[in-house]
Structure formats: structure tokens, C-alpha cells
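The values are calculated or read from the model by the stated rules, or taken from the named source; none is laboratory data. Just so it is clear, the model here is predicted, and its values are computed rather than measured. When we count neighbours, we look across all protein chains shown, and the Cβ atoms used for this are built from the backbone with ideal geometry, even at glycine. These accessible areas exclude ligands, DNA and RNA; they are computed on the full protein's heavy atoms, side chains included. Shrake-Rupley method; radii C 1.70, N 1.55, O 1.52, S 1.80 Å.
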Amino acid sequence: MRATVSPDGRITVRDADGAVIAEEAAPVSWTADGRAVLRWRIPPDAHFYGLGERAAPLDLRGGVYVNWNTDPRTYGPGDDPLYLCVPFLLVLLPEGRGAFGLLLENSARSWFDLGRTEPGVVRIEVESPHPSPTPLRGEVSCILFFAPTVAELVERFTEATGRHPLFPRWALGYHQCRWSYYPEERVRRLARDFRETYRVPCDGIHLDIHYMDGYRVFTWDPRRFPDPKGLIADLHGQGFKVVTIIDPGVKADRNYRVFREGLERGMFCRYPDGRVFIGPVWPGNCAFPDFTDPRVREWWGDLHRDLLEAGVDGVWDDMNEPALFGEDGATIPGPVRHNLDGAGGDHRVAHNLYGLNMARATAEGLARLRPDRRPFVITRSGWTGVQRYTAHWTADNRSDWASLRQTLPMVLNLGLSGIAFTGSDIGGFEGFATGELFTRWLQMSVFFPFCRAHTYFASHDQEPWSWGEPYLSVNREFIQLRYQLLPYLYTALWQCAQRGVPIVRPLLWASQDDPTTHTLDDEFLCGDALLVAPVLEEGATRRRVYLPAGRWYDFWTDDVLEGPGWIEAEAPLERIPVFVRAGAAVPMGPEMDYVGQRPTDPLTLHLYPPAEGQEGVSFLYEDDGETIAYQRGEYLLHRFALSTGRLEWTTEGDHNPGPRRVEAIIHRGAGQEPVRLEDIAPGVRRLDHLI
Ligand code: MIG
């Protein structure tokens, strides 16, 4: 595929045979208020993906999507825009004609009309930097990416815009949150409930806004949390990690150090006449740091020192669209000035970069303050490239089945947009989840990178035990399964950090030649080996599942199935359909209450023999899970090549996982006892008599 630009500025994309597959219908034109308009003819049956966080189907065709980070307060299917936009559009052409990607570089508000107004025409509009009184003509600046497959496009796109760092291993544990757990005694009870009363594994306890003193960021409420250091030390003693929320708004209060310091040192956004912009959020009137200024990022990053000294392990950046109280979509007004890393500009161009730069300030601050530890930051808002700094969650959805269903395509398109470490509030945010909804949501989310239950202030508690039995046992079992799958999930995170490969992928990722996968968004791949079909309907105890070409093993029964085709799978409350790709080696570890409670001993390799004559290659990546020693070669990468009758296991790297038992379990199909091999070691192992 190649793109040509004609002397009058038209861009034409041709495939390898020279056929036109995308053509600018007219050189850029402008609307009366200065919006730049680009019209592209793209075959009407093309499929579209990406664009960041969208409450839309996986295939975005036929929709209009706005790029303007917005707090919708709460949202459901169809609401647009949301908190985190990425103006990267993936185009998959039908009939095997390949794929290409377009990244809009403009950060001003923009619109992608994907054939809604004119079928077969993609219309991209970019707001003028100065729409009034005399409109200035805006511009459209884009980068095209070419690759035959969506998978390779994402690899190239993330090569250009960045990839997730290797987050600490505990980030993959289960997280529990609500708005908010307080006072201290309530947090201690939560910890006891996990470890003693209900014995459910958990790593992260998140503290929402009530831990602060009058919502002043970087403070603690002295009555609710008189001794944060003592509390966190005790939680650490029980294996928990603590994540605290931070909002961008700094309470305009002259007796408050952060505000005074920010004011004196010129850290806040100002109007062109020099007045500091003040707007209302949780603490009342607030000033807003200009995170697009490197000086401000450094200051903000350093402000996290006290939190870290209290023992806080991770930071949760909220409200950073930025969102203000007031009418819907309230944010910093357009004329307010920003530094923009020296380039200068107003909020119209800085808005979409605000959350990204807050996330950057936070992650860089944590890395500076604790140089040997990997930062863990989650952010609500962001933009192209935010994955370099943080993870993300899909925020204020609702406790209903439609929102559960919506989560999956959102997470899939986020992954295709480079933002792969994501998940949604398990059980839903606004409203009241039923036990069934929570369990179904959890069952899906244990295969998502970020696995956190959360709910809003007026809701009853949403913890794995909140609905009693049978839900508690099912929830516990699924969370335990996630902990057993940690070696596998951590390897998927490593692949993501290496190559931008999302952890959760649409089926088309590996089966692009199969048109059925192009719009399929109620099942997904988790890592290289697993296909997961969550239950997304109330009361359902079975569901239809599409298996793409190849041989698949039922994870629960070892039934062998051949794709492509639809099957009817059993899905009683205690199970969702999960399948394993033939040829895979799925590494699993022992059960544990939290990450690092015990070493990966035994390491169990679940082997799923490939069809005759085929070979499957799988990886296992290991390191200390916490420091950056892996960057100096302190890691261990295992490669498993599995073919009929043979396993070849090789390793690379210097990390020593310590003495441990390694066993293999060979799955041989339903009705056949799996074969267990004790004490296997790197090298070639013949398995003729077994498979
Ligand atoms: O105005 O901190 O998305 O997760 O619980 C709402 C309170 C502010 C929005 C976040 C949500 C969080 C809530 N926050």
C-alpha cells in the first residue's frame, strides 16, 4: 500500500496492485467558522476501529465520534465523547485488501464521521484554533500507517506513539474500591474481610476522595485517617497495596500549602490578562495546574513525596479531562492559556492534552522519587501516547447489563488505540448491582488487565461477598483463577510493553481473514492462548460462541473443537466459556492471597497439543515484578515449542526464579485423563507415548 499527494494536496492511498482504496474527495475545505474539513472516499464496506474510549460497537462504522475529552457524569451505550479520546482510526478493508491507519495530529476538538452523513465517505473536521470573532482557518495534520493486518498496524502505531511500561506485577492482582472507604477502621475491616472472613485474594485497596482533608489533594483527613503511615504499614503487612486518588483541582485556600506554593510559583492556568482561572470542583473553588508546562509537571510530581512517605503504592488520577462542576461538559474556558511545552496556546488546543500531561507528571514524579520501583498510575483522561505513563479505567458506567455488554468493545478499541491496560468498574459504578450482575462482570474482568470492583457513593457495597452464596464462592474461585493465571497474564503484559500487543484483543487480531470476526465483539482473546466468551445477559446459562479456524480445547472440560464455526456453550453461573488454542503452553502458578505471597512454585505448564503436523509457540516472561532490574537483563524468558510428541523449552536472560518444581499437564481431550509430568526442565522432551 502507498499514499501519494498530488500537487493540489489530494491524498490517494493505493493497494499493492495500484487500485485506489482511499481518496480525498476534495482538498481540505473550511466551514464558515474556520473548521478544516477533510473528506475521504473509503469503500463503504470497510470496518473502522480505534479512536480510544468509545461507548460504541467494536466496528465504529456509521457513527460520528468527537475528540474532546469529557466527563459525562455517567454514561451508557451510544454516549460520546467520553473521558479519553485517541484520534487514531484503523481501517480494515474487506476482501483481504489490507488495512491502514490514520492518526490525526491536531489536538483541537475534532470530529470523525465514519460514513454516517455520507456512506462511503469518512469526514474529518478539526475546529479552528480561533473560531470567533474572525475565524482563523484550522488545519488537518495526519500521519498514515500501513501494514497488511490490524495487528501489525497497532505494532507500528505504538512504535511511533509509545507503549505501556512494565507495570509492577501486583497491578495485575484484584483491586477493591468504592467511593469511599473511610474512616480508617472501615479500611481495616475491608482488609480483614479479604484475608480472614471471606478469604478472597486481593492486592489493591483504593482510597477515593474522602481520605483527603476537605478534598485538598496531597492531604489526609486528620479525623478519618489520623495515622496513614501506621495504617498503610499494617496493610502492607497483610500483603495489600494502597492506591490513593488525586484530582487536578487545587483548593483555592491561602492557608493550604499546595495552593500558596502554586500561586507564588506561577503553576496555575491563567487567562490572557494574567488572572488565575478558578473553577468549582469537589473542594469548592480550585485553581488548575498547567501540566503542559514541564516546570509544573516537575512540581506536581514532587508533591507526591508525602504520599509515598506514608507508604502509598500507586496513584489514581481522576477528573483530569479536566471536569468542573456546572453545566454538562464544564471545563476550563477556551481562552485560558497553556504553556504547551514552550509552544504556547490556549485551552482549545491544550484541553485534550491535559489528562495526558497530568498522568505524565504523576508517573514521572513517582519514578523520580522511587527510582528503583515501577510506578503504577491509573488515569481517567488521556490522549495518544498516555499509555507510556499510565493504566486506565472506563469510569462512570452503570450497574446494568447494557453497561456490562458495552465494556467489552470499549476495552477492545482502547487496546487497538495503544491503551491496553484497562478495565471497567466491576459491578458497574452508578446504581445497584445484583449478585448475578457482579459475578458475570467479574468473570469477564478476571481476563482483563485491570481488574477492580468499584461503585459510587450512594450504592451499597460491591465486594465479592456482598450478595452471599452462591455468588461468594463463584467470585472467590474466579479471582483465585486470575491469581493462578498470573504467569500467563504477566507474560501478556510483557508482550504489550515490548510490542504494543494489547492484552485483551478482538478475535480479528489473529483471524483477520475471517470476515465473521470483523464485527464480533461479545467474545475476546486474552493473550495468545485464551478465547473468552463472557455471559452478558441476565439469566443466561448458555451462549453461542464463535470459534475461528483451528483447533480449540474447552478450558473446563478439555473437549476438543474445530473452528471455524458457532457452538452452543454451557454457561451456568459458576462458569463462562473459555477455550484454549491448540498448540499452547499456558503457564500457571499456585493459588495465593496476593501477588508475591509465595514464589511461582510449582510452575505448572498446561500443554494443549496441536493438530498433527502443527507446532505452537508460547512464552513465559518472569522477573522480580517490582524493580527495573529487568532493564539490565534480570529477566527470564521461556519459549515453549509444542508439536505432536515433542516439547522444546529454551530460556534466555539472567533472572533466577529460585529453586522450584516445574510440572507439565498434558490435556488430551474430553474423557481422557490429563497426563502429569513431574520435574520437567529446559531442553527437548519427547512426548510420543502421550500425544
Ligand atoms: O465526580 O472521586 O470516575 O471513579 O469514584 C465524581 C469520586 C468523581 C469520578 C470517578 C469515580 C470516583 C468519583 N469521581
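Between LEU636 and ARG189, what length in nm is gained on full extension when 0.36 nm per residue of separation is reduced by their alpha carbon distance? If you can, show how the numbers build up before the last one.
Numbers: separation 447, 0.36 × 447 = 160.92 nm, distance 3.84 nm.
Difference between extended and current length: 157.1 nm.
Find the accessible area per residue for the chain; the probe is 1.4 Å, ligands and nucleic acids are left out, and the unit is Å². Present the calculation step by step, with values, prior to reporting the outcome.
On the way: 24240 Å² over 691 residues.
For the chain, the per-residue accessible area is 35 Å².
I'd like the distance separating the alpha-carbon centroids of segment 74-126 and segment 537-566, in whole Å.
Measuring centre to centre over Cα atoms gives 32 Å.
Could you tell me, in Å, what Rg and Dmax come out for the Cα atoms of segment 253-382?
14.4, 44
Report, in deg cm²/dmol and to the nearest 500, the calculated mean residue ellipticity at 222 nm for the chain, where each DSSP H run with n ≥ 4 adds -39500 (n - 2.57) and the sum is divided by the residue count. Could you put the intermediate results ahead of the total?
On the way: 11 runs with 133 residues, N = 691.
Helix contribution divided over all residues of the chain: -6000 deg cm²/dmol.
About the Cα centre of the chain, what is the dipole size in debye to 20, counting +1 per Lys and Arg Cβ and -1 per Asp and Glu Cβ, all else neutral? If you can, show how the numbers build up before the last one.
Details: 72 positive and 95 negative charges, 237 e Å.
Its charge dipole is roughly 1140 debye.
At 0.36 nm per residue, and after removing the present C-alpha to C-alpha distance, how many nm does the segment from GLU327 to GLN498 gain when stretched out fully?
Working: separation 171, 0.36 × 171 = 61.56 nm, distance 4.23 nm.
Separation in residues times 0.36 nm, less the Cα-Cα distance, equals 57.3 nm.
Taking N as the number of residues in segment 2-161, what is its Cα Rg relative to 2.2 N^0.38 Å? Mind dumping the intermediate values first?
Working: Rg = 15.6 Å, N = 160, 2.2 N^0.38 = 15.1 Å.
Taking the Cα Rg and dividing by 2.2 N^0.38 Å, one obtains 1.03.
Starting at the first residue of segment 388-397, write each ³J(HN,Hα) from the Karplus equation 6.51 cos²θ - 1.76 cosθ + 1.60 with θ = phi - 60°, in whole Hz, x for Gly and Pro.
The phi angles translate into 5, 10, 9, 8, 8, 10, 8, 6, 7, 7 Hz.
Which number do you get for Rg(Cα) / (2.2 N^0.38 Å) in segment 576-657? The partial results should precede the final answer.
On the way: Rg = 14.7 Å, N = 82, 2.2 N^0.38 = 11.7 Å.
Taking N as the residue count of segment 576-657, the ratio is 1.25.
Considering every Cα-Cα pair within the chain, what fraction, in whole percent, is farther apart than 47 Å? Walk me through the numbers on the way to the answer.
Numbers: 38762 of 238395 pairs.
I get 16 percent for the Cα pairs in the chain exceeding 47 Å.
Report the label-to-label distance for VAL617 and ASP79 in nanometres (one decimal), using points 7 Å from each Cα along the Cα→Cβ vector.
4.5
So, R0 is 35 Å and r is the distance between the beta-carbons of PHE146 and ARG373; what FRET efficiency does that work out to, to 0.05? Before the final figure, lay out each step's value.
Values: r = 39 Å, r/R0 = 1.11.
With R0 = 35 Å, the Cβ-Cβ based efficiency is 0.35.
Going 7 Å from the Cα of ARG199 in the Cα-to-Cβ direction, what parts of segment 580-601 have a backbone nitrogen less than 15 Å from that spot?
Only 591-594 fall inside the zone, counting backbone N under 15 Å.
Taking the Cα centre of each part, how many Å lie between segment 592-611 and segment 13-58?
So the separation of the two Cα centres works out to 46 Å.
Count charges around ARG275 for me, please; just the other residues with Cβ under 15 Å from its Cβ, Lys/Arg as +1, Asp/Glu as -1.
On the way: positive: ARG270, ARG337; negative: ASP273, ASP290, ASP346.
Residues close to ARG275 contribute a combined charge of -1.
When only the heavy atoms of the protein chains count and the probe is 1.4 Å, how do HIS655, HIS351 rank by accessible area, highest first? Kindly include the intermediate steps, with their values, before the conclusion.
Working: HIS655 40, HIS351 0 Å².
Listed by decreasing accessible area, they come as HIS655, HIS351.
For SER459, tell me the accessible area in Å² from a 1.4 Å probe, rounded to the nearest 10.
10
Rounded to the nearest 0.05, what FRET efficiency is calculated for THR627 and TRP566 with R0 set to 41 Å and r the Cβ-Cβ distance? Walk me through the numbers on the way to the answer.
Numbers: r = 47 Å, r/R0 = 1.14.
Calculated transfer efficiency: 0.30.
Size of segment 504-579 along its principal axes in angstrom, Cα-based, largest extent first?
Over segment 504-579, Cα extents along the principal axes are 33, 25, 21 Å.
Considering Cα pairs under 8 angstrom that are at least six residues apart, work out the relative contact order of the chain and quote it in whole percent. Present the calculation step by step, with values, prior to reporting the outcome.
Details: 1743 pairs, mean separation 80.0, N = 691.
For the chain, the relative contact order is 12 percent.
What does the net charge come to around GLU562 if you take all other residues with beta carbon closer than 15 Å to its beta carbon, with K and R at +1 and D and E at -1? Mind showing how you got there, number by number?
Details: positive: ARG551, ARG581; negative: ASP514, ASP554, ASP558, ASP559, GLU612.
After counting each charged neighbour, the total is -3.
Near THR455, within a Cβ-to-Cβ distance under 12 Å, what is the net charge of the other residues, with Lys and Arg +1 and Asp and Glu -1? All intermediate terms of the calculation are to be shown ahead of the outcome.
On the way: positive: ARG178, ARG398, ARG452; negative: ASP208, ASP396, ASP425, GLU430, ASP461, GLU463.
Counting the neighbours of THR455, the net charge comes to -3.
Where does each of 129-135, 418-424 land if you order them by average Cβ count within 10 Å, highest first?
Numbers: 129-135: 13.1, 418-424: 26.7.
Order by mean packing, descending: 418-424, 129-135.
Determine which residues of segment 668-689 fall in the zone a paramagnetic label at THR651 would reach in this model, i.e. backbone nitrogen under 12 Å from the point 7 Å along Cα→Cβ.
Taking a point 7 Å out along Cα→Cβ of THR651, the residues of segment 668-689 whose backbone N falls under 12 Å are 680-683.
Roughly to the nearest percent, how much of the accessible area of the chain is carbon and sulfur, given a 1.4 Å probe? All intermediate terms of the calculation are to be shown ahead of the outcome.
Values: 11550 of 24240 Å².
On the chain, the fraction of accessible area on carbon and sulfur atoms equals 48 percent.
Taking the simple approach of a point 7 Å from Cα along Cα-to-Cβ for both ASP8 and ARG260, what is their distance in nm?
Going from the ASP8 label point to the ARG260 one covers 6.6 nm.
Suppose the chain between ALA458 and ARG270 were pulled fully straight at 0.36 nm per residue; how much longer would it get relative to their current alpha carbon spacing? Provide the component values of the computation, followed by the final result.
Values: separation 188, 0.36 × 188 = 67.68 nm, distance 3.56 nm.
My answer for the length gained is 64.1 nm.
For segment 504-655, max minus min Cα coordinate along each principal axis, in Å, sorted largest first?
Over segment 504-655, Cα extents along the principal axes are 46, 39, 27 Å.
When a/c reaches 1.5 or more, the comparison of a/b and b/c decides; with that in mind, is segment 127-243 rounded, prolate or oblate per its Cα gyration tensor?
Details: a/c = 3.94, a/b = 1.72, b/c = 2.29.
Since a/c reaches 1.5 but b/c is at least a/b, the shape of segment 127-243 is classed as oblate.
Based on the Cβ-Cβ distance from ASP601 to LEU677, what FRET efficiency comes out when R0 is 22 Å, to the nearest 0.05? Walk me through the intermediate numbers first.
Numbers: r = 16 Å, r/R0 = 0.74.
E(calc), rounded to 0.05, equals 0.85.
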